[in-house]
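Structure first, then comments.
Bear in mind that the values in this text are calculations on the coordinates, not laboratory data. No experiment lies behind these values; they were computed from the predicted model shown. Cβ placement follows ideal geometry from the backbone for every residue including glycine, while neighbour counts extend to all protein chains displayed.
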Amino acid sequence: MLTPVFHPNISPVRICIGDHWTASEKLVDLIIRIGQIIAYQSYNIRSPLDGEAARWVDEHESMLPIDNADLYPPE
């Protein structure tokens, strides 16, 4: 990440994309999934990269900066 992101599943050098990745996943789907993570549309506080962010999210879920934009390109 070039800009710091306060997120349970993002560290300065890693993004945890979850447990359900397969080698057949298309690159565009992976990029969309990362965008959903950054937009707080997807997060996991049970297995965080950033424990402090996970605690904050758990205690302030109603304050999350959720962006509901659909990141999938039009077909």
Worksheet entry | Using a Förster distance of 25 Å, the FRET efficiency for Glu61-Ser11 (Cβ separation, nearest 0.05) | 0.75
Discussion item. Starting from the Kirkwood Rh over alpha-carbon pairs, what translational D in µm² s⁻¹ does the chain have by Stokes-Einstein at 10 °C and 1.306 mPa s?
Written reply: 121
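For the chain, what does the relative contact order come out to in percent, with C-alpha contacts under 8 Å and a separation of six or more?
On the way: 69 pairs, mean separation 27.4, N = 75.
Computed over the chain, the figure is 37 percent.
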Fill in: Backbone N within the range 36-51 under 20 Å of label point (7 Å from Asp19 Cα along the Cβ vector)
37, 41-51
Worksheet item: Using θ = phi - 60° and the Karplus curve 6.51 cos²θ - 1.76 cosθ + 1.60, what whole-Hz ³J(HN,Hα) does each residue of the range 17-29 get, with Gly and Pro shown as x?
Response: 8, x, 8, 10, 9, 10, 5, 7, 5, 6, 4, 4, 5
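What FRET efficiency comes out for the pair Arg46/Leu2, r = Cβ-Cβ distance, R0 = 25 Å, nearest 0.05? All intermediate terms of the calculation are to be shown ahead of the outcome.
On the way: r = 28 Å, r/R0 = 1.10.
Step by step, r from the Cβ atoms, then E = 0.35.
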